[in-house]
1. With runs of 4+ DSSP H residues as the only contributors, calculate the mean residue ellipticity of the chain at 222 nm using -39,500 (n - 2.57) per run, divided by the residue total and rounded to the nearest 500.
2. Mind telling me which of Glu29, Glu47, Glu100 comes out most flexible in a GNM of the chain, alpha-carbon contacts under 10 Å?
3. Taking the alpha-carbon centroid of each part, what is the distance from region 43-119 to region 1-29 in angstrom?
4. Could you state the angle between the C-alpha long axis of helix 24-33 and the longest principal axis of the C-alpha atoms of the chain, as a value from 0 to 90 degrees rounded to the nearest 10?
5. Quote the Stokes-Einstein diffusion coefficient, in whole µm² s⁻¹, for the chain, based on the Kirkwood radius over alpha carbon pairs, a temperature of 37 °C and a viscosity of 0.692 mPa s.
6. Could you tell me how many degrees, from 0 to 90 and to the nearest 10, lie between the Cα long axis of helix 45-56 and the main elongation axis, the longest principal axis, of the Cα atoms of the chain?
7. Relative to the longest principal Cα axis of the chain, at what angle does helix 81-114 sit, 0 to 90 degrees, rounded to 10?
8. Once fully extended, how much extra length lies between Phe32 and Lys56, figured as 0.36 nm per residue of separation less the alpha-carbon to alpha-carbon distance?
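Laboratory data are not the source of any read-out in this text; all were calculated from the coordinates shown. From a predicted model like this one, the values you see are computed outputs, not experimental measurements.
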Amino acid sequence: MLGFTDRVYDYMARADLVLTKPGGITLFETIFSELPILAWEPFLEQEKNNARFLVKRGLGRVAAKEPEECLSAIRALIYDDETLEWMAGNMRAMKGQLEEESLNRMLAGLEAEKGVRVG
């Protein structure tokens, strides 16, 4: 466990898996870092939606809240290199999709604002 730090990306660069609640900011940080998630079962509606999103897209898994079941899920996933690589690949694909969508929005905004045809 670690308190507040401004070195999140340093830690993420050395990690194989993030154990977290499925919050929106963390979800985008892990996509950017191409780092799979093992989230504990959420209770907030937005986090439930995020959890469904990460499971559906193969970006991570959701573990039960009970400590023993959570530990079992951690042990099972942390040593499963094939699944971690598959999830990281899905993260990479999602990152590329988000970057492409962001670029397209920026270009569309430029076209609308400046009347310049791009592409």
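1. Result for the chain, helices only: -20500 deg cm²/dmol.
2. Ranking Glu29, Glu47, Glu100 by mean-square fluctuation puts Glu100 first.
3. The distance from the Cα centre of region 43-119 to that of region 1-29 comes to 14 Å.
4. For helix 24-33, the angle is close to 80 degrees.
5. Working: Rh = 15.7 Å.
Rounded, D is 209 µm²/s.
6. Taking the Cα atoms of the chain, the angle to 45-56 is about 90 degrees.
7. Long axis of 81-114 versus the principal axis of the chain: about 20 degrees.
8. 6.8 nm
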